[in-house]
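S.K.: Here's a structure for you.
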Amino acid sequence: MKSRRSFLKLMATGSAAVITGAAAVSRAKAAPAKSTRARAASAPAPAPPTAAIAAEIRKQKDATAATLKTIRSYVLPPGSEPAFVFAPMSASPRSRRRRGTS
């Protein structure tokens, strides 16, 4: 059984691969290989967001700010349990071998 941390890592890397995979394939087909410096200098500026997208971003920022304000203004009663306790995980023997600290 996988831990939650390894599951979330797997989901994040899979999502990143899906998102960047299509863009990388289309870029590879569209342009021949160039040096990094030349590619950075010739990159076009991104298009400005449309009015609908800008309004949605503003709406989401406002909703996030309101949520944070609500959470931060909540007063915990004295002696209440903390929401979480940070406990560092020890490295597996396998990862220690990779780093050379066995």
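S.K.: Residues in the stretch 81-102 that are more than 25 Å from the chain's Cα centre (by Cα) and at pLDDT 85 or above: how many?
M.R.: Total meeting the criteria: 0.
S.K.: Here is a follow-up. Restricting attention to the stretch 11-34, does a residue exist that is among the aliphatic types (A, V, I, L, M), loosely packed, with under 10 Cβ neighbours inside 10 Å, part of a loop (DSSP other than H, G, I, E, B) and at pLDDT 65 or above?
M.R.: For the stretch 11-34, residues among the aliphatic types (A, V, I, L, M), loosely packed, with under 10 Cβ neighbours inside 10 Å, part of a loop (DSSP other than H, G, I, E, B) and at pLDDT 65 or above: absent.
S.K.: Checking the structure you have, find out if any residue of the stretch 53-68 is out of contact with any Ser or Thr (no Cβ under 7 Å at 6 or more places or on another chain) and part of a loop (DSSP other than H, G, I, E, B).
M.R.: no
S.K.: Take Ser73 and decide whether it is among the hydroxyl-bearing types (Ser, Thr, Tyr), loosely packed, with under 10 Cβ neighbours inside 10 Å and at pLDDT 85 or above.
M.R.: In short, yes.
S.K.: Inspect the stretch 43-55 for any residue being at pLDDT 80 or above, within 23 Å of the chain's Cα centre (by Cα) and polar (S, T, N, Q) and give the result as yes or no.
M.R.: The answer is no; no qualifying residue exists.
The values are calculated or read from the model by the stated rules, or taken from the named source; none is laboratory data. Given the structure is predicted, the values throughout are model-derived calculations rather than measurements. Please note: Cβ atoms are built from the backbone with ideal geometry, for glycine as well, and neighbour counts cover all protein chains shown.
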